[in-house]
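Below is one structure; the comments refer to it alone.
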Amino acid sequence: MKTSQVGIDLIKRFESVRLRAYKVQSNDQYYTIGFGHYGKDVKANSKITMAEAESLLRQDLKRFEDNVNKYNHIYNFNQNEFDALVSFAYNIGSIDSLTGRGTRDRRTISMKIVQYTKSNGVVLAGLVVRRQAEQRLFNTPTSSTAYTGKVVKLKETDKIKVIVDKILNGEFGNGEARKTNIYNSIQELVNARL
């Protein structure tokens, strides 16, 4: 997957742009420029154009997209989930810890996103706002996963794999709609047996 414009705009909103090299903290090894581009290729007194800042951002995205994509075979991320996680990785470095290296479920990942708000042990207001925005985007259904109002019924003969496939295909919706739809379908089967 690739980051959509929504994800790029989210990153730009929180990274902001600086066209002259600077150090975020005085003890940083390297300088930062553009939309948070950091590395040995940035020298003191470097200046770039907005077009160069955009180019560096797109170049940097690849590394963070790769980090999120390595978990896509487990989660089958929708575009909003992917974009939110790329923004998170762009800021933190990766989603390895956030996902428990692929062992956490979506609900837990969503809840954990907003816990990454500290820098050097201090909660930063900017990180609180960024994590809330990433969590909101992560929890927002895409058009392909949006609940359409169509009620998908479970059959008692369905196997767990079939149910999981239906969930991953978005047939139950996303977020709260998915939970409600699954619960109601199961409850109907329970009621029928009573």
Which condition number in (1) among the small types (G, A, S); (2) open to solvent by 10 Å² or more (accessible area, probe 1.4 Å); (3) touching a strand residue (DSSP E or B) at 6+ places or on another chain (Cβ under 7 Å) is the one that G36 fails? (3)
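Would you confirm, using the coordinates I've provided, whether S87 is at pLDDT 95 or above, more than 17 Å from R130 (Cβ to Cβ) and among the hydroxyl-bearing types (S, T, Y)? Before the answer, list the steps.
Details: at pLDDT 95 or above: yes; more than 17 Å from R130 (Cβ to Cβ): no; among the hydroxyl-bearing types (S, T, Y): yes.
Spelling it out, it is not the case that S87 is at pLDDT 95 or above, more than 17 Å from R130 (Cβ to Cβ) and among the hydroxyl-bearing types (S, T, Y).
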Go through the residues of the stretch 25-33 one by one and say whether even a single one is in contact (Cβ under 8 Å) with a residue 60 or more places away in the chain and either closer than 23 Å to R136 by Cβ or part of a strand (DSSP E or B) (or both). no
Filter result for V6 (of a type in the set (V, I, T), touching a residue at least 40 places away in the same chain (Cβ under 8 Å) and open to solvent by 20 Å² or more (accessible area, probe 1.4 Å)): yes
Odd one out for I48, checked against (1) crowded, with 16+ Cβ neighbours inside 10 Å; (2) in contact (Cβ under 8 Å) with a residue 40 or more places away in the chain; (3) more than 25 Å from V129 (Cβ to Cβ): (2)
Mind checking which residues of the stretch 12-24 are open to solvent by 70 Å² or more (accessible area, probe 1.4 Å) and assigned to a strand (DSSP E or B)? R18, R20
Go over the candidates E54, E81 one by one and state the one that is in contact with a helix residue (DSSP H, G or I) (Cβ under 8 Å, 6 or more places away or on another chain), at pLDDT 95 or above and surrounded by 13 or more Cβ atoms within 10 Å (Cβ to Cβ). E81
Looking at F77, is it in contact (Cβ under 8 Å) with a residue 60 or more places away in the chain, outside any helix (DSSP H, G or I), out of contact with any Pro (no Cβ under 9 Å at 6 or more places or on another chain) and under 24 Å from N174 (Cβ atoms)? yes
Quick one: is A53 in contact with a strand residue (DSSP E or B) (Cβ under 8 Å, 6 or more places away or on another chain), of a type in the set (G, A, S) and part of a helix (DSSP H, G or I)? yes
Options S87, S110: the member that is within 28 Å of L56 (Cβ to Cβ) and either outside any loop (DSSP other than H, G, I, E, B) or open to solvent by 40 Å² or more (accessible area, probe 1.4 Å) (or both): S87
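The values are calculated or read from the model by the stated rules, or taken from the named source; none is laboratory data. All figures in this text were calculated on a predicted structure; none of them were measured in a lab. Heads up, the Cβs are rebuilt from the backbone with ideal geometry, glycines too, and the neighbour counts pull from every protein chain shown. Remember, those area values only see protein heavy atoms, side chains included, never the ligands or the DNA or RNA. Shrake-Rupley method; radii C 1.70, N 1.55, O 1.52, S 1.80 Å.
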